[in-house]
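Down below is the structure, laid out as structure tokens.
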Amino acid sequence: MNTSSDPQREFAEAVVAQLKAAGFTALWAGGCVRDHLLGKTPKDFDVATNARPEQVRSVFGNRRTLAVGEAFGVIVVLGPNKAAGQIEVATFRSDGAYIDGRRPESVAFSTPEIDAQRRDFTINGMFYDPLERRVLDYVGGEKDLAAGVIRAIGVPQARMAEDKLRMLRAVRFAATFDFKLDDDTARAVREMAEQIHVVSAERIAQELRRMLVHSHRHRAIELCLSVALLPQILPELMPVVESPDAWHQVLAKLRLLQAPTFPLAWAALLECTMEKISQSHGGDRAEVSALQAIEAIGRRLKFSNKEIEDAAWLLKHRRALDNASGKTHAQLKRVLAEPLAQELISLIRVRDLAAGRSPADALFCDDFLTSTSMELLNPQPLINGNDLQKAGLKPGPRFKEILDEVRDAQLNGEIDSFVAALELAQRVSFREPH
Ligand code: ATP
Ligand code: MG
């Protein structure tokens, strides 16, 4: 086993070593043990110990520690440098009764056996001694890790009732690790899915983000549906779910995305829904109100404004590159010069592939972007409104129309000088307004 070259991990070993040298028990705990046993690099390391919070602080010194969660027995120990990061050292504890389905009312300091019982799933409930290289497993975590099973520790209903976020965590772990959701655990989630709303929108959003950026995002969404969480979190998707062809394509789109940003994955998930809403509205304003409906979902789930805007831009322009090879350069450049052009191309690629069509538009746009310099894609405008005024044109609603037409001619390569631009502007201004 390679122990060097990972500063975070080295620091996590050093923290354990220092607590042990001071006479305490100290172990890696939870997710980092799971990841370590799977041969994955943990996102962060947590240490559990029998040292009380104040004892942890005296072992590492006040300057190197933060008492962020002292009431819960959690002390943050700061690493020697940025690469080493920081480690949460938590005193073995059992959680008291849960007040609101989210937080325990009180905690009591205890032993590793009891500490394991408060954790959510067996694969997340193990300890590891990095110095002796020994696993301490009081919950059958190793067996479930080997079999690929997500199983609640203890009575599933009771554990989900304590903290409803665990329902979504169960789905996320099952999907991202490609594990099976244990039958009893799945049943508990299904029975309690309606109660997911006691969890804050921010925490639900965070789980959704993590599921949707992961390469198994289609599995995560399927699992959400099969345990009845999907209609709770995203009821707007249900009309699409109910038409098998459309739903099949949504899942295929999600599967085909490659390392998408969250807004792109979100847009891919919602595209068919947007289409359905738009069709059901009908009329001129159908697209606008459909887009507003999609944005409202993002706000309900407390996504960031940027995430909501980016997804809305992608959906608004979802047809802007259709029949790309038949479009003028001006039409293409106006879209492809936008910051999310690459994501939009990905969206139309997976849409075509999922429908069994050749991704010709995406290929064409990719080539166009590769072969067009930034200078040609989005050149400095040749003239502006001031120039029109100086040339004696009266400011008014037609200015935009004139400037747009001049810009199109520039992007199409028909003009490339100030004089030519002004000449065209004059000609357009004499023409009857559209
Ligand atoms: P990841 O960091 O990859 O999401 P993780 O398992 O490390 O996975 P964390 O949220 O970092 O998840 O939590 C660390 C550990 O704390 C978990 O492995 C689990 O033992 C415990 N834990 C976290 N959240 C809960 C919860 N809601 N209920 C019970 N135990 C939890
Ligand atoms: Mg973690």
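The values are calculated or read from the model by the stated rules, or taken from the named source; none is laboratory data. Nothing here was measured: the structure is a model prediction, and the numbers come from that model. Counting neighbours? That spans all protein chains shown, and the Cβs are built from the backbone with ideal geometry, glycine included. For the accessible areas, the whole protein counts, side chains as well, though only heavy atoms, and no ligand, DNA or RNA atoms are used. Shrake-Rupley method; radii C 1.70, N 1.55, O 1.52, S 1.80 Å.
Can you find, among Gly79, Val189, Ala341, the residue farthest towards the positive end of the dipole of the chain? Put +1 on the C-beta of Lys and Arg, -1 on that of Asp and Glu. Result: Gly79, furthest along the dipole toward the positive end.
Simple rule: put +1 on each Lys or Arg Cβ and -1 on each Asp or Glu Cβ in the chain, find the dipole, and look at Ala312, Trp266, Ser94; the Cα lying farthest toward the positive end is Ser94. Compared with the direct C-alpha span, the chain from Ala147 to Leu66 gains 25.3 nm at full extension, assuming 0.36 nm per residue. Around the Cα centre of the range 100-207, unit charges on the Cβ atoms of Lys, Arg, Asp and Glu (plus for the first two, minus for the last two) sum to a dipole of about 160 debye. Peptide packing for 7-20, 166-179 was compared via the average number of neighbouring C-beta atoms within 10 Å per residue; ordered from the highest value, the list is 166-179, 7-20.
Here the extension length gained between Lys40 and Glu194 equals 52.1 nm, from 0.36 nm per residue of separation less the Cα-Cα distance.
For the cross-link pairs Lys253/Lys327; Lys253/Lys276; Lys40/Lys143, the ones whose C-alpha atoms lie over 20 Å apart are Lys253/Lys327. With protein chains left intact and a 1.4 Å probe, residues in the range 164-215 average 41 Å² of accessible area per residue.
As a calculated quantity, the FRET efficiency between Lys82 and Lys306 at R0 = 22 Å, using C-beta atoms, amounts to about 0.25. Between Arg134 and Asp183, the C-beta separation translates, for a Förster distance of 22 Å, into a calculated FRET efficiency of about 0.10.
A simple charge model with +1 on the Cβ of Lys and Arg, -1 on the Cβ of Asp and Glu and nothing else charged puts the dipole of the chain at about 480 debye relative to its Cα centre. Within the accessible surface of the range 258-377, defined with a 1.4 Å probe on protein heavy atoms only, the carbon and sulfur portion equals 52 percent.
Relative to the current alpha-carbon distance between Asn384 and Asn412, full extension at 0.36 nm per residue lengthens the span by 8.3 nm. For a paramagnetic label modelled on Asp245 (point 7 Å from Cα along Cα→Cβ), amide N atoms under 13 Å away belong, within the range 334-378, to 355-356.
Computed about its Cα centre, the charge dipole of the range 258-377 is approximately 300 debye, with only Lys, Arg, Asp and Glu carrying charge at their Cβ.
Judged by the ratio a/c of the largest to the smallest principal axis of the C-alpha gyration tensor, the range 150-233 counts as oblate, that ratio being 1.5 or greater while a/b is no larger than b/c. Sorting the segments 115-121, 226-232 by their mean number of nearby beta carbons within 10 angstrom, highest to lowest, gives 115-121, 226-232.
Please say if the range 108-197 is rounded, prolate or oblate, where rounded means a/c under 1.5 for a ≥ b ≥ c the square roots of the C-alpha gyration tensor eigenvalues, and otherwise the choice is prolate for a/b larger than b/c and oblate otherwise? Cα axes put the range 108-197 in the oblate bin. With all protein chains kept in place, the per residue accessible area of the range 1-147 amounts to 47 square angstrom at a probe of 1.4 angstrom. Centre-to-centre, using Cα atoms only, the range 200-230 and the range 395-418 are separated by 46 Å. Here the mean projected area of the convex hull built on the C-alpha positions of the chain is 27.5 nm². Spatially, the range 112-158 and the range 1-79 are offset by 18 Å when compared through their Cα centroids. With K and R counted +1 and D and E -1, the other residues having a Cβ less than 12 Å from that of Ala265 yield a net charge of +1. Ligands, DNA and RNA left out, the accessible area of the range 169-222 computed with a 1.4 Å probe is 44% carbon and sulfur. With 31 Å as the limit on Cα-Cα distance, the pairs of Lys306/Lys394; Lys43/Lys302; Lys82/Lys306; Lys43/Lys333; Lys82/Lys316 that go past it are Lys306/Lys394; Lys43/Lys333; Lys82/Lys316.
Based on DSSP H runs of at least 4 residues, each adding -39500 (n - 2.57), what is the mean residue ellipticity at 222 nm of the chain after dividing by all its residues, to the nearest 500 deg cm²/dmol? So the helix-based figure for the chain works out to -16000 deg cm²/dmol.
Antiparallel beta bridges, as assigned by DSSP with both residues in the chain, represent about 80 percent of the total such bridges. A Förster radius of 30 Å, combined with the Cβ-Cβ distance separating His281 from Asp322, puts the computed FRET efficiency at roughly 0.90.
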